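Below: the structure, in structure tokens.
The values are calculated or read from the model by the stated rules, or taken from the named source; none is laboratory data. Worth saying up front: this structure is predicted, and the values here are computed from it rather than measured. Positions of Cβ are generated from backbone atoms using ideal geometry, with glycine treated the same way; all protein chains shown enter the neighbour counts. Accessible surface areas use protein heavy atoms only, side chains included; no ligands, DNA or RNA. Shrake-Rupley method; radii C 1.70, N 1.55, O 1.52, S 1.80 Å.
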Amino acid sequence: MNVTIDQNSGYCFGVEFAIQMAEDELEEVTELYCLGDIVHNSMEVQRLYNKGLRIIDRDQLKELRDCKVLIRAHGEPPETYQTALQNNLELIDASCPVVLKLQNRVKHAYDSNKAMNGQIVLYGQQGHAEVIGLAGQTGNEAIVITTEEDLDQLDYSRPITLFSQTTKSTKGFYHMKELIEQRVAAAQASGVQVEALDANDSICRQVSNREPQLEKFAALHDVVIFVSGKKSSNGKALYAVCQRVNPQSYFVENAQELDMDWFKEAASVGICGATSTPMWLMQEVKDAIQAQEAVAV
């Protein structure tokens with residue numbers, strides 16, 4: 001049985017940068033605080049915990065004084081930086097440049113829309129770290145939409161500026177854009193004077209380009225093993241791509257979740273993962289499959 005790891009899978013630049021910053025800092029100190037999971041992968045979080053990285057939440061951040069705290073790639077709202085100033089915290093800012101640029105765009109749009117009583121709408125996962133940071137640029141006035149039902153929250157008589165969480169599905173974003181345009185058109189047809197939707201495709205291309213790459217990869221193999229943390233929004237989206245192309249696609253968090261019955265009639269197995277999946281973890285899964293195959297033979 002041929003087992004292949006997708007070389008296009010694994011960390012995106014932002015995650016790789018944040019983890020490298022954490023590891024560099026941990027060479028100098030025995031413990032380092034990180035605000036939230038540095039990456040949505042429990043195996044990697046555990047590996048870095050063993051090196052001294054301690055995960056804290058926002059309530060715990062308020063209690064810290066005179067120490068270093070790492071800001072992960074997802075970015076943070078302005079309140080986090082205010083807390084750091086008040087508590088004399090040294091922030092090691094590993095916010096992804098793509099996310100920081102989007103935060104600036106959202107803040108500029110929010111400020112510009114105030115005079116027009118406009119709405120900032122974020123297509124993303126409610127409560128996701130990146131979305132919290134983006135909504136923070138609007139004083140948490142932004143409307144977060146995830147499903148079609150969420151579109152009922154919008155006022156279609158007021159201007160709408162739409163952005164997307166950087167790791168969401170491109171297909172999903174354009175579907176929501178189309179639905180909003182339909183509702184805006186319906187409002188205009190009823191005599192309401194409203195500006196056209198201002199839609200901004202702010203999805204990271206390093207992430208979105210993985211969709212067509214994964215489609216090709218999934219089609220090449222009899223069975224696909226998608227390795228990702230269960231908290232990963234990007235992982236859920238990319239796994240759906242694999243399943244759509246190859247129904248024999250299975251989601252695992254680690255090698256312990258493998259079921260060898262999946263491979264009974266497979267001549268080719270492909271292993272891939274999310275932008276938050278480390279290459280070492282995909283290698284472990286590959287090794288486990290080959291080891292089990294050797295035992296079976």
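For region 222-237, which positions are assigned to a loop (DSSP other than H, G, I, E, B) and either out of contact with any helix residue (DSSP H, G or I) (no Cβ under 6 Å at 6 or more places or on another chain) or surrounded by fewer than 19 Cβ atoms within 10 Å (Cβ to Cβ) (or both)? Break it down into steps so the answer makes sense when it comes.
So the first thing to find is which residues in region 222-237 are assigned to a loop (DSSP other than H, G, I, E, B), and the list is 222, 228-232.
Those that are assigned to a loop (DSSP other than H, G, I, E, B) and either out of contact with any helix residue (DSSP H, G or I) (no Cβ under 6 Å at 6 or more places or on another chain) or surrounded by fewer than 19 Cβ atoms within 10 Å (Cβ to Cβ) (or both): D222, K230, K231, S232.
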**OP:** Give the number of residues within region 263-295 that are in a helix (DSSP H, G or I), open to solvent by less than 20 Å² (accessible area, probe 1.4 Å), among the aliphatic types (A, V, I, L, M) and more than 24 Å from N209 (Cβ to Cβ).
**Re:** 1
**OP:** Looking only at region 90-145, count how many residues are touching a Gly at 6+ places or on another chain (Cβ under 7 Å) and either in contact (Cβ under 8 Å) with a residue 60 or more places away in the chain or in a loop (DSSP other than H, G, I, E, B) (or both).
**Re:** 5
Original post:
Of all residues in region 195-205, how many are modelled with pLDDT under 95 and either surrounded by 16 or more Cβ atoms within 10 Å (Cβ to Cβ) or part of a strand (DSSP E or B) (or both)?
Top reply: 3
Subject >> Selection count where residues are of a type outside the set (V, I, T) and surrounded by fewer than 22 Cβ atoms within 10 Å (Cβ to Cβ), scope region 238-249 >> reply: 6
Subject >> Condition met for A219 (farther than 30 Å from M282 by Cβ, open to solvent by 30 Å² or more (accessible area, probe 1.4 Å) and out of contact with any strand residue (DSSP E or B) (no Cβ under 9 Å at 6 or more places or on another chain)) >> reply: no
**OP:** Determine if region 185-198 includes at least one residue that is in contact (Cβ under 8 Å) with a residue 40 or more places away in the chain, out of contact with any helix residue (DSSP H, G or I) (no Cβ under 9 Å at 6 or more places or on another chain) and not small (G, A, S).
**Re:** no
**OP:** Being under 21 Å from D59 (Cβ atoms) and either aliphatic (A, V, I, L, M) or touching an Asp or Glu at 6+ places or on another chain (Cβ under 8 Å) (or both) is the filter here, so list the residues in region 80-94 that pass it.
**Re:** A84, L85, N87, N88, L89, L91, I92
Original post:
Residues in region 158-185 that are out of contact with any strand residue (DSSP E or B) (no Cβ under 6 Å at 6 or more places or on another chain) and open to solvent by 60 Å² or more (accessible area, probe 1.4 Å): how many?
Top reply: 7
Original post:
Just one of G52, G75, G36 is touching an Asp or Glu at 6+ places or on another chain (Cβ under 8 Å), over 30 Å from V285 (Cα atoms) and among the small types (G, A, S); which is it?
Top reply: G75
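Taking region 131-157 as the region of interest, how many residues are surrounded by 17 or more Cβ atoms within 10 Å (Cβ to Cβ) and either hydrophobic (A, V, I, L, M, F, W, C) or at pLDDT 95 or above (or both)?
First pass over region 131-157, keeping only residues surrounded by 17 or more Cβ atoms within 10 Å (Cβ to Cβ): 131-138, 142-146, 154, 156.
Restricting the remaining residues to those that are either hydrophobic (A, V, I, L, M, F, W, C) or at pLDDT 95 or above (or both) gives 131-138, 142-146, 154.
Residues flagged as surrounded by 17 or more Cβ atoms within 10 Å (Cβ to Cβ) and either hydrophobic (A, V, I, L, M, F, W, C) or at pLDDT 95 or above (or both) within region 131-157 amount to 14.
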Subject >> First in region 254-280 and within 30 Å of R205 (Cα to Cα), second anywhere and of a type in the set (K, R) and assigned to a helix (DSSP H, G or I), Cβ under 7 Å, 6 or more apart >> reply: I271/K286
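Evaluate the following for K114: is it over 24 Å from M21 (Cβ atoms) and basic (K, R)? Walk me through how you get there before you give the answer.
Details: over 24 Å from M21 (Cβ atoms): yes; basic (K, R): yes.
So K114 fits the description; yes.
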